[in-house]
Amino acid sequence: MMISIKNMIRHYGIFSKRLLCHKSFVAILLLVPILVCAVTLIAKNGDSGVITVALGMENGEENITQEIVSQLLEDDSLIRFVLCGSGEEAAACVQGGKADAAWIFHDGLEQKINDFAQNPLKYNAFVTVIQKEDSILLRLSHEKLNSVLYPALSLSLFSEYIENNLPRSEREHTESFYHAIHADGKDLFEFAYLNTSGAETAKEKHTGDFLISPLRGLLAITVVLGVMAAAMLYGQDEARGVFDRFSKSKETSLSLIYHAAASVLIGSAVYAALLLMRISVGWLYELLVLAVYCIAVIGFCLCLRLLLPDIRFFGAAMPVLAAAMTVFCPIFFPAPNLPVIQYLLPTYYYLNAFSHSDFVLYLGLYSILIHALVFFLRRFRHAIHVRHTGKEPD
């Protein structure tokens, strides 16, 4: 027997209030603003960078090198840049554990850039990058290096092109056009997410926003922990007889409403945080993916609860799952290629949906399959109950 829509809405409100009265659920809900505040404080404090990069120059007298280094030192992001002077000093900082990476700008940087423009297939490296280990943030930091090299490189490529392809009479006009664009503070190219409304480009975003992408993964894990906490609280309420006045036939509906209330509360907080931190790829796409993700998480937690009926084992699984999702999704570090584990975690599909749109469909398919599994597990448990007791549940 199903619950009417009116009763569903009423139970949803009751369960939402009940969840907010539990300290454990509220504590997980408060993780969202705590994570946002922590990342914000780190971003505003130049001495608290997530990664440290030592800058070295083989020729500190070269103008282009001085300009690039000055630009990096003035940058406000989660990368903390430290000027070490020579390349040897920068390499020593990495070896001594004082820096996560070293960027050493070679002597004759401007000439090397011009050589690249003339012959991209045969050129000498501009910068030497030294790092002890690999990580997501260090890979993202390379985008910052590319961005500071781009203006000089684009001008050199542009000059080489008009030198070889345009008559002398047209060069003056074309060069003035190029410099006019850069005089207005604009780039020849603007980068933006394809899924946004187009109102905001990457140029208008904060320069360090791409480095706070791990926040999305941490918030995604918070959603899982919040719904798992709700599953534990539902089990406790069930053991106390809170739902005894309802027939057993309504157990599935009540369970779904209870977990849906938790996912809406925690999901709303996460959605607001993503928009506030300006790492959203568009409010509509963000809302769609997060909604499907919450449905998948509900199924995942219900399935886990049926497989681990003992509340103690279920509670012990929470930190293990959080660690597994941190490693295999990934969030901070490149994930090992273990699809057998990754395909079982809803967070894997959610995070990949923002770089590969196909994963939205995969996440939807995962949601259908996981809820189907929950249905069959419930039917199996029902059959076991009938076999042992010889009667249907009330």
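The values are calculated or read from the model by the stated rules, or taken from the named source; none is laboratory data. These figures come from a predicted structure and were not determined experimentally. Backbone-built Cβ (ideal geometry, glycine too); neighbour counts: all protein chains shown. When the accessible area is computed, the model is the full protein with side chains, heavy atoms only, and any ligands, DNA or RNA have been set aside. Shrake-Rupley method; radii C 1.70, N 1.55, O 1.52, S 1.80 Å.
Computing FRET efficiency as 1/(1 + (r/R0)^6) for GLU88 and ASN164, where r is the C-beta to C-beta distance and R0 is 30 Å, gives about 0.15. Other residues whose C-beta falls under 13 angstrom from the C-beta of GLN111 contribute a net charge of -4, scoring Lys and Arg +1 and Asp and Glu -1.
The accessible-area ordering, largest first, of the residues ILE130, ILE5, ILE162 stands as ILE5, ILE130, ILE162, per a 1.4 angstrom probe. A Förster distance of 45 Å, applied to the separation of the beta-carbon atoms of LEU365 and ARG245, puts the FRET efficiency at 0.75. Between ILE384 and ILE311, the modelled label-to-label distance comes to 1.9 nm, taking each label 7 Å out from Cα in the direction of the beta carbon. Sorting 358-368, 233-243 by average packing, meaning the other beta carbons within 10 Å per residue, from highest down gives 358-368, 233-243.
Rounded to the nearest 0.05, what FRET efficiency is calculated for GLU143 and LEU275 with R0 set to 22 Å and r the Cβ-Cβ distance? Computed FRET efficiency for GLU143 and LEU275: 0.45. When a/c is below 1.5 the answer is rounded, else prolate if a/b is larger than b/c, else oblate, so apply that to the range 284-350 with a ≥ b ≥ c taken from the square roots of the Cα gyration tensor eigenvalues. Since a/c reaches 1.5 but b/c is at least a/b, the shape of the range 284-350 is classed as oblate.
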